[in-house]
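Have a look at the structure below before the remarks.
No value in this document is a laboratory result; all are computed from the given coordinates. This is a predicted model, so every value here is computed, not measured. A quick note on method: Cβ atoms are made from the backbone with ideal geometry, for glycine too, and the neighbour counts reach across all protein chains shown.
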Ligand SMILES: Nc1ncnc2c1ncn2[C@@H]1O[C@H](COP(=O)(O)OP(=O)(O)OP(=O)(O)O)[C@@H](O)[C@H]1O
Ligand SMILES: [Mg+2]
């Protein structure tokens, strides 16, 4: 049995302090295996993004144990978190590309952190990745000159180009129409499967649930998990638009 | 560490209009600093130009004199007293006066155009003023009654003297005009240059000087020039000069001991080496007038304006890129990388603003030099100083603007 890539054990999370202190996550428990595609659903305000930022080492874990890529994040230092982030690919709701850089340069930004690569190698890898997301003819376009779906595909290329073991995506299709949303998710899934990367994706879009191996459902800061191959998820887990 | 992607430059380049405004603003600040520093240096350099060209080793002036423009007179017999001192070879008097010069070629309104000019009266036997064009032949010419030499670098308001002089010279004619209502003839031209204190200069013999300034007495001189014997020691001679003058020996308590050796008072006479003679004049303009202060203040204002402009530009730039910076942090970029971006932008802006500012200032220097005869030149030291100030200015702004980078929180972008 392989070591899970994410292992969450009794994680609580609070926002605010003193009288205003409010618990958002309640004793979260979950594991994600390497190469697994997990979709997280749940009503607005249930704490999905909060959990994702904890996994992504963008916030510090307050209570419980959270191990990502073998690294314990409880009581971690900023330095450890920065190092861990380099091994995770992020895809945000809005593409968050650097608007001063062309598509290829944006993808290369994810490689600059890996200093052993020459700039030629970086360029080659970025080009290959953009080809894989179907943007071979848009390499030298600025984000402003691309459509929403194209921008999100550049963001996928950026998240995956360094072959991260884990990709975190928060509503990557929210800004896209049905067709391009579907395309983007399929590209993501197939590239991640090719590279053996695990994906944790938050979505409200129940038309794309079928790309997942497993579904986890968050409600009021508590988590339920459904293996899509063996059991059908209850109606409320998928009926969220 | 070199990056394959020069993000700082690419970000600046992407915002054309902002880059242009930044360059214009920094260029303006650089230009302002060049103007202020240039004028300040020109003022100080022009003020000491005559002093530098006096041929002598020790100078005697009245204790009541502050600067050339307000120089007081003293009796020439004090200078004679020094002649016997050990090490002294020759002595020579200089008379300094200011009188109204009439522009001989004025064609405007019927009233004549007059302007204050400086007149130096010297002993024609002594080579006491070493400026270009004022040679032994010139000294013999000013022996003639009412013959004077005119500084061709004087301001244009004195009339087109240099041009007309060479024109008339071909016809063997000379220009005549008036100084302090005395008819004088321009026998030749020399080259010194206008200063803030004197817009124009003339040199003549002491006899002619006394003809122009009828109220001045012979022997009532302004500067006593002492020349040392070949090989005589300056400090020993100063000691001898000190003994040969009547009255009490005092020094200005604010001077350092080594300065006090070259600048002391005996009775009513102040004894100066040529070096301190120049220094005293420079210090007068620097410290005793508001002029030095005003130009320094102008430079500081230019510097502050620059800081504000660059800060505004950098702050807006960081604010615009905050989400992108947060994304970079989420990707694993360190805070240091982002700070570097801001400082790189500051550095790029300072260099890009410096170049047009410097070029513009050079043009302004040339234009002003031609129009005012002030010695405004783009010196290497000043261009390096201003470059240094421009870079400092941008780095200071960068240091204030980077604090904004801390606001980029990667947890906010999901
Ligand atoms: N920085 C914060 N400070 C205080 N409260 C916060 C903060 N971020 C989130 N919250 C609160 O935590 C709760 C969970 O927020 P979170 O963003 O995780 O929800 P979500 O499940 O992602 O919702 P959505 O589907 O709308 O994105 C919400 O009630 C929100 O108000
Ligand atoms: Mg959310």
task = Just tell me how shielded A:155-163 is by partners: mean number of partner chain Cβ atoms within 10 Å of each residue's Cβ, no decimals.
result = 1
inquiry  = Order B:357-368, B:39-50 from most to least packed using the mean count of other Cβ atoms within 10 Å.
reply    = B:39-50, B:357-368
query = Listed highest first by mean packing, meaning other Cβ atoms within 10 Å per residue, what order do A:99-107, A:188-196 come in?
reply = A:99-107, A:188-196
query = In peptide A:87-97, how many Cβ atoms from other protein chains are near each Cβ within 10 Å, on average?
reply = 3
key: Förster-model FRET efficiency, 25 Å R0, residue A:83 and residue A:121, C-beta, rounded to 0.05   = 0.70
ask   = Expressed as a rounded percentage, what relative contact order does chain B have, with Cα pairs under 8 Å and six or more residues apart?
value = 27 percent
query = So for chain A: antiparallel DSSP bridges make up what percent, rounded to the nearest 5?
reply = 55 percent
inquiry  = Which of B:52, B:107 has the fewest other C-beta atoms within 10 Å, and how do the rest follow up to the most?
reply    = B:107, B:52
request  = Just need the Rg to Rh number for the range A:48-111, please, alpha carbons only, Kirkwood Rh.
outcome  = 1.04
task = Using packing as a proxy for protection, rank B:397-405, B:376-384, B:88-96, B:174-182 so that the peptide with the highest average count of other Cβ atoms within 10 Å comes first.
result = B:88-96, B:397-405, B:174-182, B:376-384
key: Whole-number Å³ per residue for the convex hull built on Cα positions in the range A:77-126   = 99 Å³
inquiry  = For chain A, what does the relative contact order come out to in percent, with C-alpha contacts under 8 Å and a separation of six or more?
reply    = 27 percent
task = Calculate the translational D of chain B in whole µm² s⁻¹ from Stokes-Einstein, where the hydrodynamic radius comes from the Kirkwood formula applied to all Cα pairs, the temperature is 4 °C and the viscosity 1.567 mPa s.
result = 51 µm²/s
task = Could you tell me which of rounded, prolate or oblate describes the range B:329-399, using a ≥ b ≥ c as the square roots of the eigenvalues of the alpha-carbon gyration tensor, with rounded for a/c under 1.5 and, failing that, prolate when a/b is larger than b/c and oblate otherwise?
result = prolate
task = Determine the calculated [θ] at 222 nm for chain B from helices alone, applying -39500 (n - 2.57) to every DSSP H run no shorter than 4 residues and normalising by the residue count; nearest 500 deg cm²/dmol.
result = -16000 deg cm²/dmol
ask   = How far apart, in nm, are two points set 7 Å out from the Cα along the Cα-to-Cβ line at residue A:65 and at residue A:10?
value = 1.0 nm
request  = Could you work out, residue by residue across B:326-338, how many beta carbons of other chains sit within 10 Å of that residue's beta carbon, and then give the average as an integer?
outcome  = 6
remark   = Taking Cα pairs closer than 8 Å and at least 6 residues apart, the relative contact order of the range B:197-348 in percent is 10 percent
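How big is the antiparallel share of DSSP beta bridges in the protein assembly as shown, given as a percent to the nearest 5?
Around 70 percent antiparallel, to the nearest 5.
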query = How far, in degrees from 0 to 90, does helix B:322-331 lean away from the longest principal axis of the Cα atoms of chain B, to the nearest 10?
reply = 60 degrees
task = Could I get the Rg over Rh figure for the range A:106-241? Both from C-alpha atoms, Rh via Kirkwood, rounded to two places.
result = 1.02
ask   = In degrees, nearest 10, range 0 to 90: what is the angle between the Cα axis of helix B:234-244 and the longest Cα principal axis of chain B?
value = 50 degrees
inquiry  = Output the 0 to 90 degree angle, nearest 10, between the alpha-carbon long axis of helix B:16-47 and the longest principal axis computed from the alpha carbons of chain B.
reply    = 20 degrees
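Give, to the nearest whole percent, the P(r) tail of the range B:290-410 beyond 22 angstrom, counting all Cα pairs.
Summing the P(r) of the range B:290-410 above 22 Å gives 46 percent of all pairs.
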task = Using just the helices of chain A, give the 222 nm mean residue ellipticity in deg cm²/dmol: DSSP H runs with n ≥ 4 each add -39,500 (n - 2.57), and the total is spread over all residues, rounded to 500.
result = -9000 deg cm²/dmol
